[in-house]
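Engineer: Once you've had a glance at the structure underneath, I'll fire off some questions.
The values are calculated or read from the model by the stated rules, or taken from the named source; none is laboratory data. Keep in mind that this is a model prediction, so the values were computed, not measured. Cβ atoms come from the backbone with ideal geometry, glycine included; neighbour counts cover every protein chain shown.
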Amino acid sequence: MLKDFRAFIARGNVLDLAVGVIIGGAFATITKSLTDDVIMPIVGALFGGFDFSSYFIRLGPVPADYKGSLASYAQLKAAGVPLLGYGEFITVVINFVILAFIVFLLMRSVNRLIATVEREKAAGDAEPAADPAEVVLLREIRDELKARGPVPPQV
């Protein structure tokens with residue numbers, strides 16, 4: 001069983017998948033940072049200080065010993081207050097759309113590259129163009145002269 005498992009893990013597809021998951025996790029972190037640190041502040045500035053993370057609905061009571069801000073989603077969540085954080089959900093949806101768009105652009109580029117390589121390969125595999133009739137005729141004459149042998153000198 002251990003041999004079978006090792007063979008399964010050593011297969012290229014499993015290793016490719018593992019690399020893809022690791023790269024995808026890192027890519028998701030980059031996308032989250034792009035959204036949180038670049039895009040959302042710009043959206044906020046365009047819409048007059050709009051901050052999606054501050055949009056939530058409190059679903060339960062705030063603990064009596066809570067000393068943080070009642071407008072801070074992160075502090076209320078850390079205190080264990082039940083919240084409906086639709087602002088955070090909007091941010092996650094934007095993250096997804098950005099990630100999907102980037103993956104779309106990557107796949108589109110790869111598909112174009114593959115199509116170009118296939119076209120070049122097909123052009124290389126095609127039979128060369130036929131020689132013009134004059135070239136064919138000259139080759140036939142040359143071959144006929146070779147078949148007759150050397151011509152004796154005339155004096």
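Engineer: Answer yes or no as to whether Leu34 is of a type outside the set (D, E, K, R) and touching a strand residue (DSSP E or B) at 6+ places or on another chain (Cβ under 6 Å).
Structural biologist: no
Engineer: Among (1) within 35 Å of the chain's Cα centre (by Cα); (2) modelled with pLDDT of 80 or more; (3) farther than 30 Å from Ile23 by Cβ, where does Ala126 come up short?
Structural biologist: Ala126 satisfies all of (1) within 35 Å of the chain's Cα centre (by Cα); (2) modelled with pLDDT of 80 or more; (3) farther than 30 Å from Ile23 by Cβ except (2).
Engineer: Another question about this same structure. Residues Lys77, Lys67: which one is in contact with a Leu (Cβ under 8 Å, 6 or more places away or on another chain) and among the basic types (Lys, Arg)?
Structural biologist: Lys77
Engineer: Next question. Which residue pairs have Cβ atoms under 8 Å apart, sit 6 or more places apart or on different chains, and have a first residue in the range 87-104 that is free of Cβ contacts under 8 Å to residues at least 60 places away in the same chain and under 10 Å from Ser53 (Cβ atoms) and a second that is aliphatic (A, V, I, L, M) and assigned to a helix (DSSP H, G or I)?
Structural biologist: Thr91/Met40
Engineer: Quick one: Asp131 ticks every box in (1) surrounded by 10 or more Cβ atoms within 10 Å (Cβ to Cβ); (2) assigned to a helix (DSSP H, G or I); (3) of a type outside the set (A, V, I, L, M, F, W, C) bar one, so which box is it?
Structural biologist: (2)
Engineer: Given the criterion under 27 Å from Val97 (Cα atoms) and either touching a helix residue (DSSP H, G or I) at 6+ places or on another chain (Cβ under 7 Å) or not basic (Lys, Arg) (or both), identify the matching residue among Pro61, Pro41.
Structural biologist: Within the list Pro61, Pro41, the selection yields Pro41.
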